[in-house]
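Report on the structure given below.
The values are calculated or read from the model by the stated rules, or taken from the named source; none is laboratory data. Fair warning: this is a prediction, and the values are worked out from it, not measured in the lab. All Cβ positions, even for glycine, are placed from backbone atoms using ideal geometry, and neighbour counts span all protein chains on display. Side chains are part of the model used for accessible areas, which takes the heavy atoms of the whole protein and leaves out ligands, DNA and RNA. Shrake-Rupley method; radii C 1.70, N 1.55, O 1.52, S 1.80 Å.
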Amino acid sequence: MSDILRRGRLSSTPDEDILDFTSSMLADKWIFEADILVDLAHTVMLREQGIIREQDCSRILQGLLSVREGGIEKLDHSYEDIHISLESRLIDMVGEDIGGRMHSGRSRNDEVATCIRIRLRDELLSLMEELTELRTVLIDRASENVETLMPGFTHLQHAQPTTLAHHLLAHTDALSRDSGRVMDAFARVNESPLGAAAFASTGFDLDRERTCSLLGFDAIMENSMDAVSSRDFLIEVAAALANIMINLSKMAEEIVVWSSTEFGFIELDDMYASTSSIMPQKKNPDTAELMRGKSGVAAGSLMALLTICKGLPLSYNRDLQEATPNIWRSVETARSAVRIMKGMIETMKVNVDVMSLQAGTGFTTATELADTMVRAADIPFRTAHQIVGVLARGSGTPSLEEIDAVASEVIGEKLSDRGLTSVMVAEALDPVLNIKKRSIMGGPSPDEMIKAIGKRRIRLGDEVEKISELNRHVERSLEELFALVNENINYQK
Ligand code: ARG
């Protein structure tokens with residue numbers, strides 16, 4: 001079979017080594033389905049615009065459906081990309097006089113950009129769903145643990161008491177911003193470059209709005225040069241995905257640390273653990289470690305995309321082919337990481353007793369004690385900070401007498417003479433009361449947490465609704481496309 005792409009201009013063919021270097025066939029498996037959709041929509045539009053005949057349209061569409069059925073394996077992998085191998089298979093099936101008309105008014109440049117956008121938008125829709133599921137699990141576990149005390153950390157040192165709910169909601173909120181970033185990026189991904197052709201559009205009277213709507217896009221990328229050469233949408237998505245992976249790797253790090261014997265806060269389900277080939281007692285949190293590691297893949301893909309796109313002149317350059325696999329790598333990594341994190345959080349066992357015991361260990365109530373001195377004895381916070389700091393050198397649970405002794409040295413007065421009582425001191429040193437007092441917006445008090453959880457559930461519900469609206473829009477468009485394909489196949493002369 002002669003090469004439909006090279007036979008005109010070129011006389012020698014690339015050897016295997018050159019082909020391996022230049023071909024995108026491997027990564028193009030991601031856009032096989034999308035390419036068929038693009039071909040179908042373009043063909044239907046060509047017929048509607050009177051650019052191809054009804055009978056040719058019908059045969060091309062039938063051919064495309066059989067190519068689709070055969071799958072990517074049936075394509076000739078010695079072509080340099082999916083677009084040309086797919087067209088060549090179509091021509092094998094229906095003949096060049098018919099199949100050779102499909103590519104009228106089109107280039108692989110607008111074609112590939114359209115395919116990437118279609119596949120990527122589907123991936124983003126699934127990712128957004130998966131993110132809402134992960135956030136739901138985090139919120140569910142938070143509501144089970146509104147009263148579960150734990151030490152909050154700064155510098156990984158015991159800092160102040162908090163609750164597991166407060167900690168889990170912190171991660172939930174970070175992931176909620178991640179969802180927002182993916183949703184924002186979606187709007188710029190779901191734009192149609194089709195009709196831009198090589199870069200200068202075409203003299204054929206194409207209806208760009210028609211293919212835009214049949215393919216479920218929300219808008220057209222108007223300038224035809226911009227349409228074929230922009231990959232900023234990939235960079236934007238890769239940045240959002242890298243952010244997700246960084247957030248997940250922070251959670252993964254805590255899972256690793258919290259499962260250690262030293263912490264003993266949680267135990268992962270065995271599903272997510274591995275053991276040692278030599279040390280039979282080992283239960284290692286490998287899945288969480290891999291998540292931490294895979295965040296490097298997402299960060300690397302972003303860096304690769306940035307570097308590949310930097311300094312490219314307008315319009316299409318083949319360098320762009322090298323950009324695309326990076327987005328598939330990071331999409332695959334981020335989506336699986338989100339799903340796996342959901343499972344780990346859902347099934348992990350929380351050692352409430354260990355956490356609660358640790359909540360008060362290491363004088364975590366010191367800040368509240370200083371605050372109490374400020375409120376009860378009307379001394380400046382900086383002075384209270386010094387008094388408690390001196391007390392912290394001791395056992396960490398000072399009595400009123402000890403406080404008075406230090407205060408006498410520091411300010412020449414006993415705080416009991418200024419209104420501080422031993423009941424106040426005892427309350428300040430109680431981790432449960434510490435938390436209860438932190439009831440302003442965003443604090444860990446159980447009442448505030450219950451409110452916060454409620455707000456987040458409502459927000460999640462709205463988001464789920466928005467995502468299914470976006471899904472429905474794509475589905476309806478493709479249903480219309482397939483209805484038209486069938487109509488055109490069964491046309492009556
Ligand atoms: N495989 C190519 C890519 O991914 C498709 C576009 C080829 N265009 C060209 N002018 N060679 O970018």
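General observations
- Efficiency of FRET between Gln157 and Asp462 - r from beta-carbon atoms, R0 35 angstrom, step 0.05: 0.35
- Efficiency of FRET from Cβ geometry, Thr347 and Ala392, R₀ 22 Å, rounded to 0.05: 0.05
- Charge dipole of the chain about the Cα centre (unit charges at C-beta), most positive-ward option of Met251, Val297, Ser422: Ser422
- Protein heavy-atom surface of the stretch 127-192, 1.4 angstrom probe: 48% of the accessible area is carbon and sulfur, with nucleic acids and ligands not counted.
- Net charge dipole, the stretch 314-445: roughly 740 debye, given to the nearest 20, about the Cα centre with Cβ charges of +1 for Lys and Arg and -1 for Asp and Glu.
- Amide H contacts of Ser274: Asn284, Asp286, Thr287, each under 5 Å away and 5 or more positions distant or on a separate chain (H built 1.01 Å from N in the peptide plane; Pro and chain starts excluded).
- Evaluated at q = 0.12, 0.13, 0.16, 0.21 Å⁻¹, the base-10 log of the normalised Debye intensity for the stretch 196-274, with identical point scatterers placed on the Cα atoms, takes the values -0.60, -0.63, -0.75, -1.02.
- Under the Karplus curve 6.51 cos²θ - 1.76 cosθ + 1.60, θ = phi - 60°, whole-Hz ³J(HN,Hα) for the stretch 295-310, x wherever Gly or Pro sits: 4, x, 5, 5, 5, x, 5, 4, 5, 4, 4, 4, 6, 5, 7, 5
- By accessible area, using a 1.4 Å probe on protein heavy atoms only, the stretch 9-81 has 47% of its surface on carbon and sulfur.
- Partners of Lys414 within straight-line reach, counting aspartates and glutamates whose Cα lies under 20 Å from its Cα and excluding those fewer than 8 residues away in the same chain: Glu368, Asp371, Asp378, Glu401, Glu402, Asp404, Glu427.
- GluC sites (Glu not before Pro) within the stretch 224-264: DSSP coil, no more than 12 neighbouring Cβ in 10 Å: Glu262
- 11 Å beta-carbon shell around Glu267, net charge (K/R +1, D/E -1): 0
- Label separation (Glu469 vs Asp76): 4.8 nm, computed from points 7 Å beyond Cα along the C-beta direction.
- Angle of helix 108-144 to the longest C-alpha principal axis of the chain, folded into 0 to 90 degrees and rounded to 10: 30°.
- Based on Cα contacts under 8 Å between residues 6+ apart, the stretch 1-132 shows a relative contact order of 32 percent.
- Applying the Karplus relation 6.51 cos²θ - 1.76 cosθ + 1.60 with θ = phi - 60° to the stretch 216-230 yields 3J(HN,Hα) values of x, 7, 8, 7, 9, 7, 5, 5, 5, 6, 4, 4, 8, 9, 7 Hz, where x marks Gly and Pro.
- Note on the stretch 397-487: Cα-only Rg and Dmax are 29.4, 95 Å.
- Computed over protein heavy atoms with a 1.4 Å probe, the accessible surface of the chain works out to 47 Å² per residue.
- Fully extending the segment from Leu357 to Ala198, taken as 0.36 nm per residue of separation minus the present Cα-Cα distance, adds 50.5 nm.
- 0 to 90° range, to nearest 10: angle between helix 164-189 axis and the chain longest Cα axis: 20
- Base-10 log of normalised Debye intensity for the chain (one unit scatterer per alpha-carbon) at q = 0.06, 0.07, 0.12 Å⁻¹: -0.43, -0.54, -1.06
- Rounded to the nearest 20, the size of the Cβ-charge dipole of the chain about its Cα centre is 420 debye, with Lys and Arg at +1 and Asp and Glu at -1.
- Using a Förster distance of 60 Å, the FRET efficiency for Asn490-Lys455 (Cβ separation, nearest 0.05): 0.70
- Restricting the calculation to Cα atoms, every distinct pair contributes to the Kirkwood radius of the stretch 269-338, found to be 14.5 Å.
- When only alpha carbons are used to place a centre, the stretch 164-179 and the stretch 320-395 end up 12 Å from one another.
- Set of the stretch 374-408 residues, backbone N closer than 15 Å to the point 7 Å along the Cα-Cβ line of Asp417: 377-379, 401, 403-408
- Tyr79 contributes an accessible area of around 10 Å² to the protein surface, as traced by a 1.4 Å probe with all chains present.
- Our summary gives the stretch 148-211 a relative contact order of 17 percent, counting only alpha carbon pairs under 8 angstrom and 6 or more residues apart.
- Euclidean distance between Cα centres, the stretch 38-93 to the stretch 190-249, Å: 22
- Net charge, Ala239 excluded, C-beta distance under 14 Å - Lys, Arg +1, Asp, Glu -1: 0
- For the residue pairs Lys74/Lys466; Lys310/Lys342; Lys349/Lys451; Lys29/Lys455; Lys349/Lys455, the alpha carbons lie more than 32 Å apart in Lys74/Lys466; Lys310/Lys342; Lys29/Lys455.
- Label point at Arg177 placed 7 Å out along Cα→Cβ; residues across the stretch 226-252 whose backbone nitrogen lies under 19 Å: 236-252
- Inter-label distance, nm, simple model (7 Å from Cα along the C-beta direction), Ser260/Ala219: 4.9
- Karplus-based coupling profile of the stretch 408-414, in residue order and whole Hz: 4, 5, 7, 10, x, 8, 7, with θ = phi - 60° in 6.51 cos²θ - 1.76 cosθ + 1.60 and x standing for Gly or Pro.
- The charge dipole of the stretch 103-209, taken about the Cα centre with unit charges on the Cβ atoms of Lys, Arg (+1) and Asp, Glu (-1), comes to about 340 debye, rounded to the nearest 20.
- Here the accessible area of the stretch 230-333 is 56 percent carbon and sulfur, with a 1.4 angstrom probe and all protein chains present.
- Normalised contact order of the chain, rounded percent, pairs of Cα under 8 Å and 6 or more residues apart: 18
- Net lengthening on full extension, Ala405/Glu54 (0.36 nm per residue, minus Cα-Cα): 116.5 nm
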